[in-house]
Amino acid sequence: MNKHLPLLAFLLLFSLTSCNLPASVNSNLIPGQVQITSPQDGAALDASTVEVKFTAAGGPFIEANLLVDQLPVSYAAEDATSPTVSGALSWVQPTNGKHTLTISLLTMNKETISTSILVTVGEASGAGEIPSTGQTPVAQPAQSESLDSARQRIIQILHDEYGINMTNPPIGRKEREGVTSDPWTSAIYYKDTFISISIYPDGREDHHASPLNYSDPGALTSLIKPGDKPIPMCRPSGTLKLLVVFVDYQNLGITQQEAFDALSQTVSQINGKYFEASQAAGVQNPLLKLQATTAYLSPPPATENQTLTPELTRVLTGYDPAAFDILIQIDLDANDSSGKVAKAGSFGWATSGCGALPVDVNMWISISTKDQLSPSSSDARLSYTLGHEIMHTMGYPIGLTGVHEWVCGDGTIPDPTDQCDQNDLPTLMMGWTDTDGDGVVEILDSTPYGLQAP
């Protein structure tokens, strides 16, 4: 995981490779506790699919993850309505040897709870044993997918899973030195749906759909299937309206005007990068623009997890978050109090945008020194974190490798970077390139990605 995002970023990754079971949680569980009910700790298992059953209390829960030797192998979205959950997650291609299986759940309060067991798969020793190497626990084929075969597979997934015929989807693959696990990726913005697809060198596939610029979660796009992610995303075009609330812990010596000026400079810098990228794509007007409205709270309000809610924001600032696309909280705090309470593990996260109001905020950023506010600082945290997290509200995922897997740039040159921001926009994945050759970048195209009739 990179320095910008905690486990919460898992909201934007992983295809569903498991199933949920009806709730039947152990009544002895206390809130904040998760239990693996099968297999048992120390169990010896055969080499077929390993199913891990679990129960947990202390939600509502957003998601559950199965990790093998600390690496994610499957995921399930939860309905975020019940304080308890019971389910099962599968490790489809287990390797022989001793392994640590971990079930980790994420709550609506951005807290994680987990538990682990030790199991042995296949023969613990002897001929044919494949020892644990710390790598992603799946079988490795002789060679990775070629560009052409990956493209054909992505076209097939779009047709078979989502019922759309696209002949020229965007496709790219990072070229990080020494990294062999990066997938071919594709991102589709089509009507009211965002579709993310990854094809990994080891044969795994990850694809999911999310509602795009949606306001009614009860009337989701027909392309959203059970197991997809009903977390609204923003289309990377037009104007994104931000409501930015500074929460001042009064220990950095920052005035309200200084905070507002810094945000204005940051937004102008990011918008300037959007304009440059638009012109490079042959579009004279900016494809995307941020528009920020600011509010200031000092001292911080007393909240359970030290993050705002839409209702509290409305009461304390006078602004209605429903009138904005993204609700952002920026803590001015030398001690990072909110991050420690929420166990964020980083100084920034983003969950969703351009849809129904979130439980708390769409985005949170922590500023711990005054100079981090300035876009010209050597540590321009506000600038690069805001630019990076904005992309997560548009679907920018962390994939099964645990890192950001989109190609930065337009895909025409090798991309060795670990992540993208406004200085290195993923214009290929954002639809800011013309992949079908009709003279119109895909995000503005009425028939994007070589769309054909069914």
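The values are calculated or read from the model by the stated rules, or taken from the named source; none is laboratory data. Note that the structure is a prediction, hence the values are computed from the model and not measured. All Cβ positions, glycine included, derive from the backbone under ideal geometry; neighbour counts span all protein chains shown.
Annotation note: of S446, S366, the sole residue that is of a type in the set (G, A, S) and either in the same structural domain as P310 (by TED's automatic domain parsing) or within 21 Å of E63 (Cβ to Cβ) (or both) is S366. Have a look at A23, A47, A80 and point out the one that is modelled with pLDDT under 50, of a type in the set (G, A, S) and not in a strand (DSSP E or B). None of the others qualify; the one that does is A23.
Exactly one residue out of D415, D436 is in a loop (DSSP other than H, G, I, E, B), outside the structural domain of A262 (by TED's automatic domain parsing), in contact (Cβ under 8 Å) with a residue 60 or more places away in the chain and farther than 22 Å from Q152 by Cα, and it is D415. Quick one: is G318 surrounded by fewer than 20 Cβ atoms within 10 Å (Cβ to Cβ), modelled with pLDDT under 95, in the same structural domain as V361 (by TED's automatic domain parsing) and on the phi > 0 side of the Ramachandran plot? For G318, the condition - surrounded by fewer than 20 Cβ atoms within 10 Å (Cβ to Cβ), modelled with pLDDT under 95, in the same structural domain as V361 (by TED's automatic domain parsing) and on the phi > 0 side of the Ramachandran plot - is not met.
Apart from one condition, I195 fits all of (1) without any contact (Cβ under 8 Å) to a residue 40 or more places away in the chain; (2) surrounded by fewer than 22 Cβ atoms within 10 Å (Cβ to Cβ); (3) within 25 Å of D421 (Cβ to Cβ); the exception is (2).
Assess whether L357 counts as being buried (at least 17 other Cβ atoms within 10 Å of the Cβ), in a loop (DSSP other than H, G, I, E, B), of a type in the set (A, V, I, L, M, F, W, C) and in contact (Cβ under 8 Å) with a residue 24 or more places away in the chain. Here the answer is yes, as L357 does meet what is asked. Scanning region 353-369 for residues that are closer than 23 Å to D248 by Cα and in contact with a His (Cβ under 9 Å, 6 or more places away or on another chain) gives a single hit, M363. For region 170-201, the candidate set comprises residues that are acidic (D, E) and within 23 Å of M391 (Cα to Cα); within that set, the residue that is modelled with the lowest pLDDT is E175. Going by the structure shown, is T385 in the same structural domain as T193 (by TED's automatic domain parsing), hydroxyl-bearing (S, T, Y) and either under 19 Å from the mean Cα position of the chain (by Cα) or not in a loop (DSSP other than H, G, I, E, B) (or both)? So T385 does not fit the description; no.
Looking at the structure I just gave you, is T167 β-branched (V, I, T), modelled with pLDDT of 90 or more and surrounded by fewer than 15 Cβ atoms within 10 Å (Cβ to Cβ)? Break it down into steps so the answer makes sense when it comes.
Values: β-branched (V, I, T): yes; modelled with pLDDT of 90 or more: yes; surrounded by fewer than 15 Cβ atoms within 10 Å (Cβ to Cβ): yes.
Yes, satisfied.
Residue-level check: of (1) among the hydrophobic types (A, V, I, L, M, F, W, C); (2) in contact (Cβ under 8 Å) with a residue 40 or more places away in the chain; (3) over 30 Å from H159 (Cα atoms), M363 misses just (2). Restricting attention to region 236-290, which residues are polar (S, T, N, Q) and more than 23 Å from T393 (Cβ to Cβ)? Selection gives Q250, N251, T255, Q256, Q257, Q279, Q284.
A single entry from G348, G272, G253 fulfils the requirement of being touching a helix residue (DSSP H, G or I) at 6+ places or on another chain (Cβ under 6 Å) and within 18 Å of S374 (Cα to Cα): G348. The set of residues in region 286-315 being in contact (Cβ under 8 Å) with a residue 60 or more places away in the chain and either at positive phi or among the polar types (S, T, N, Q) (or both) consists of N305, T307, T313. Within region 311-325, if we keep just the residues that are touching a strand residue (DSSP E or B) at 6+ places or on another chain (Cβ under 6 Å) and either small (G, A, S) or not in a helix (DSSP H, G or I) (or both), the residue that is farthest from G353 (Cα to Cα) turns out to be Y319.
Residues checked against (1) surrounded by 16 or more Cβ atoms within 10 Å (Cβ to Cβ); (2) in a loop (DSSP other than H, G, I, E, B); (3) at pLDDT below 95:
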| position | (1), (2), (3) |
| --- | --- |
| G203 | no, yes, yes |
| P230 | yes, yes, yes |
| Q250 | no, yes, no |
| S264 | no, no, no |
| S268 | no, no, no |
| K273 | yes, no, no |
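Being of a type outside the set (G, A, S) and farther than 22 Å from I326 by Cα is the filter; apply it to region 275-304 and report the residue that is surrounded by the most Cβ atoms within 10 Å (Cβ to Cβ).
As a first pass, look at region 275-304 and keep what is of a type outside the set (G, A, S): 275-276, 279, 283-291, 293-294, 296-297, 299-301, 303-304.
Okay, now just the ones that are also farther than 22 Å from I326 by Cα, so 276, 279, 283-285, 299.
Working: E276: 14, Q279: 13, V283: 18, Q284: 7, N285: 8, P299: 9.
My answer is V283.
Filtering V68, V52 for residues that are closer than 28 Å to P230 by Cα, at pLDDT 85 or above, in contact with a His (Cβ under 7 Å, 6 or more places away or on another chain) and of a type in the set (A, V, I, L, M, F, W, C) leaves a single hit, V68. Any idea which of A259, A292 is of a type in the set (G, A, S) and closer than 17 Å to A350 by Cβ? Result: A292 is the single residue among A259, A292 that is of a type in the set (G, A, S) and closer than 17 Å to A350 by Cβ. Within region 50-72, which residues are part of a loop (DSSP other than H, G, I, E, B) and acidic (D, E)? Within region 50-72, D69 is the sole residue that qualifies.
Considering region 395-433, the residues that are surrounded by fewer than 21 Cβ atoms within 10 Å (Cβ to Cβ) and among the charged types (D, E, K, R) include one that is nearest to L67 (Cα to Cα), namely D418. Within region 405-436, the set of residues being among the hydroxyl-bearing types (S, T, Y) and modelled with pLDDT under 95 comprises T412, T417.
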